[in-house]
Amino acid sequence: DVEITIHGETVFTNEYGVFQLNNIQVPQNKTYITAEKSGYFSGSRTVLSSSNVSVNIMLQNKAVVASLQASQGGVADLGNNVKVTFPPNSVVNTQGDLHNGIFQVALAYLNPIDESFSALMPGDMSAINGDGNQGALYSFGMINVEITSASGEKLQIAEGELAQIEIPVGDYQLNEASSTIPLWFFDETLGVWKQEGEAVLQNGVYVGDVGHFTTWNVDWYGGSATL
């Protein structure tokens with residue numbers, strides 16, 4: 001019962017998690033596939049368009065790790081140096097009104113060495129950098145973050161406010177980790193990564209400030225080529 005959407009066409013997965021869409025029209029270059037189910041972070045995949053495509057998407061549980069008082073802010077700590085820190089009075093509802101009372105933080109970490117990383121990550125590793133150029137990313141880690149009210153209403157960071165995210169670097173990547181690195185967020189409308197800000201390496205953890213929540217990614221950027 002996962003809702004799969006491909007270029008305006010929708011189908012639900014069966015009891016085995018399988019879905020199939022036949023004879024649909026998609027963009028010429030790339031096809032963006034989204035997967036939605038209550039209790040899970042949104043999943044997606046971006047694939048090259050062709051006449052026959054098979055795709056595997058894995059969803060992460062949307063586990064609430066912290067309930068914080070909006071007027072005080074605080075830290076959502078997943079453990080293993082995965083954290084999000086909220087300043088006081090920094091959370092608003094979809095209308096932009098300041099949220100009062102408790103808000104809940106769902107947080108999940110995507111480790112690049114995980115054998116399921118490519119199935120868990122959204123889209124693909126194609127990106128648009130700060131100069132508007134298209135290229136490809138090499139990830140040092142990602143986090144999924146979603147904030148809601150106690151009743152389940154979606155919330156966001158207020159305009160002009162910033163939350164601090166912390167993403168650990170695995171021992172296998174520390175030797176190649178730079179002192180600063182671009183931050184990238186996943187554009188869930190276009191199905192592509194976009195550069196916004198940077199993170200600083202502190203004791204094996206990348207620390208950076210973000211002004212909204214989707215999936216965040218710390219990556220090297222490189223050019224792309226077609227062979």
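The residue of the range 10-22 that is modelled with the highest pLDDT, among those that are closer than 13 Å to V53 by Cβ and open to solvent by 70 Å² or more (accessible area, probe 1.4 Å), is Q20.
Restricting the first member to the range 18-29 and to residues that are of a type in the set (S, T, N, Q), and the second to residues that are surrounded by 11 or more Cβ atoms within 10 Å (Cβ to Cβ), the beta-carbon pairs closer than 7 Å and six or more apart or on different chains are Q25/H7; Q28/S49; N29/S49. The set of residues in the range 99-145 being acidic (D, E) and in contact with a Leu (Cβ under 8 Å, 6 or more places away or on another chain) consists of D114 alone. If a residue has to be in contact with a strand residue (DSSP E or B) (Cβ under 7 Å, 6 or more places away or on another chain) and open to solvent by 30 Å² or more (accessible area, probe 1.4 Å) to count, how many in the range 149-177 make the cut? The number of residues fulfilling the criteria is 6.
For the range 43-70, a residue qualifies if it is modelled with pLDDT of 95 or more and small (G, A, S), and the qualifying residues are G43, S44, A66, S67, A70. Note on the range 25-50: among residues that are part of a loop (DSSP other than H, G, I, E, B) and closer than 17 Å to S118 by Cβ, the one that is least open to solvent (accessible area, probe 1.4 Å) is F41.
Just one of (1) part of a strand (DSSP E or B); (2) open to solvent by 70 Å² or more (accessible area, probe 1.4 Å) fails for V84. It is (2). The condition (being surrounded by 14 or more Cβ atoms within 10 Å (Cβ to Cβ), under 12 Å from the mean Cα position of the chain (by Cα) and not in a strand (DSSP E or B)) is satisfied by just one residue among F186, F213: F213. Take the residues of the range 95-145 that are out of contact with any strand residue (DSSP E or B) (no Cβ under 6 Å at 6 or more places or on another chain) and of a type in the set (D, E, K, R): which is surrounded by the most Cβ atoms within 10 Å (Cβ to Cβ)? Looking at residues that are out of contact with any strand residue (DSSP E or B) (no Cβ under 6 Å at 6 or more places or on another chain) and of a type in the set (D, E, K, R), I get D114.
For the range 51-81, how many residues are charged (D, E, K, R) and either open to solvent by 70 Å² or more (accessible area, probe 1.4 Å) or part of a strand (DSSP E or B) (or both)?
Counting residues in the range 51-81 that are charged (D, E, K, R) and either open to solvent by 70 Å² or more (accessible area, probe 1.4 Å) or part of a strand (DSSP E or B) (or both) gives 1.
The values are calculated or read from the model by the stated rules, or taken from the named source; none is laboratory data. Just so you know, these numbers come straight off a predicted model, no measurement behind them. Neighbour counts run over all protein chains shown; Cβ positions are idealised from the backbone, glycine included. Surface areas here come from the heavy atoms of the whole protein model, side chains and all, with no ligands, DNA or RNA. Shrake-Rupley method; radii C 1.70, N 1.55, O 1.52, S 1.80 Å.
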